[in-house]
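A short reminder: the numbers here are calculations on the coordinates, not readings from a lab. Note that this is a predicted model, so its numbers are computed, not measured. Note that each Cβ is placed from the backbone with ideal geometry, even for glycine, and that neighbours are counted across all protein chains shown.
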Amino acid sequence: MRRRLLPLGLAALFFNPSFAQTTDAGRGDAYETSHVRAPRATEPRTAEPIAPLTLKAALELALGANPDLSAAGRELEAVEATIIQAQVRPNPEISTSIEDTRRATRTTTLQLNQPIELGGKRAARIDAAERGRDAASAELDAKRAEIRAAVVAAFFDVLVAQERLRLAQASVELAQRATTAASRRVTAGKVSPVEETKARVAEAGVRVELTLAGSELTTARKRLAGTWGNPAPRFERSEGNLEALPQLPALADLNSRLATSPNLLRARIEVDRRLALADVERSRRVPDLTVSLGARRNEELGLNQAILGVSIPIPVFDRNQGNLLEALRRTDKARDELSAAEIRLSNELAQAHERLNTARQEVESLQRDILPGAQSAYDAATKGFELGKFSFLEVLDAQRTSFQAKSQYLRALSEAHRSAAEIERILGEASPNSTLAPAATKP
């Protein structure tokens, strides 16, 4: 009996339409072997060089070792595997049954059943998986643009903090000179000791500013190093042209670039993915066909009988109507989210453009009028105080005005670079010929 049934079963399995899935499984195994990597925890942590750090080097470090970016890449690799799974066909099943326990009257049945998908289920499933891959790829591009913007903003924050620290150190030196001059004049009997007390109080206030500037620089360095996953920055300092302002493109040009930004592309792909998932649920309304092939041995009659069968569910009660309705409503939701994303990104782009415009105007005004005037007034007041023509209050007021003007200048520069980085985050990763590339300004 077994010798008669075995060739029939092997023939049915060989000519089975799902036999081709072996090739897909082989490809899946090869993909798994070539793409499985060691966990991130076992890889060495990236450490930046001790030498001064440039913006280009910081971007390379972050884009190569940022954990969030790595996670988005892992997600893309995982979604690639769903395409492999979507391509496979249903497995066949083999069944056997024995009727009667007495050998003389026993009937043995061996049967091979193969489900056959109808309604385009496999094609719809593959299309949905491919749309999921496109969504993961767009998410990776958006994350890359976000990381790049964060690195640019953090890098210029370090430059600003370095310049603020240098300014605070210079202010301390000037305050020490003023205190020494006031002390000499008190010793000579030209001014009251109150003048020296005021000078020392002003010097103490400037030293507090120096401490705050040092703390701000430490925080900025850690924030920058954190973009590539390093909690303890090693680089000594950042090197870059802080006074090179980003260009200001026309808002209409930026809006035209917005249509191809990763964020909007991700929202559009999500609509396509939801449509594909709705097609999957629609295809499931068509029941699958099961073809049966087998043999039966009747010991009582001494007969071997071939068995051929076809079975198909009758979609009377369950027509997958609930899942289809859910998929359609989620498609509507994705369309609404796309419209909301277009409005939100357009508003964010307009606001960032306005902040960049305001910051550029503020920087130019400070460079042209305020900084030279404040420095000239302070130099004149210091020289006049040393010659005994001005009181220390006038020197202190001129010093405070100069320090505030320079601090405002640094804040405006920082806001300009942050706004430019925000624009690039919204529009996507900057290209080498980006319209927001820094352009040198006059000192």
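Assorted remarks:
- With 0.36 nm allotted per residue and the present C-alpha distance subtracted, the Val208-Ala259 stretch has 13.5 nm of extension available.
- Look at where the Cα atoms of the stretch 223-238 and of the stretch 73-116 average out, and the two centres are 55 Å apart.
- Given +1 at the Cβ of Lys and Arg, -1 at the Cβ of Asp and Glu and no other charges, the dipole of the stretch 185-329 around its Cα centre is 300 debye to the nearest 20.
- With the biggest extent put first, the Cα atoms of the stretch 317-365 measure 75, 9, 5 Å across the principal axes.
- Extension reserve of the Arg285-Arg329 stretch, reckoned as 0.36 nm per residue once the Cα distance is removed: 14.1 nm
- Each of Ala199, Leu265, Gln247 was placed along the dipole of the stretch 189-272 (beta-carbon charges, centred on the mean Cα), and the one lying farthest toward the positive end is Ala199.
- Subtracting the Cα-Cα distance of Gln169 and Glu93 from 0.36 nm times their residue separation leaves 19.3 nm of extension gain.
- Calculated FRET efficiency, Gln351 to Gln375, Cβ-Cβ distance, R0 = 35 Å: about 0.55 to the nearest 0.05.
- Treating each Cα of the stretch 133-240 as one equal point scatterer and applying the Debye formula with no solvent, the log10 of I(q)/I(0) at q = 0.12, 0.21 Å⁻¹ comes out as -0.59, -1.01.
- Whole-Å distance, taken between Cα centres, linking the stretch 119-185 and the stretch 247-312: 41 Å
- Here the calculated FRET efficiency for Lys383 and Arg234, from their Cβ-Cβ distance with R0 = 56 Å, stands at 0.80, rounded to the nearest 0.05.
- Subset of Lys143/Lys406; Lys222/Lys383; Lys198/Lys222; Lys222/Lys406 violating a 31 Å alpha-carbon distance limit: Lys143/Lys406; Lys222/Lys383; Lys198/Lys222
- Spin-label model, Leu308/Gln404: points 7 Å from Cα along the beta carbon direction are separated by 9.8 nm.
- Inter-label distance, Arg411 to Arg184: 3.6 nm, where each label sits 7 Å from its Cα along the C-beta direction.
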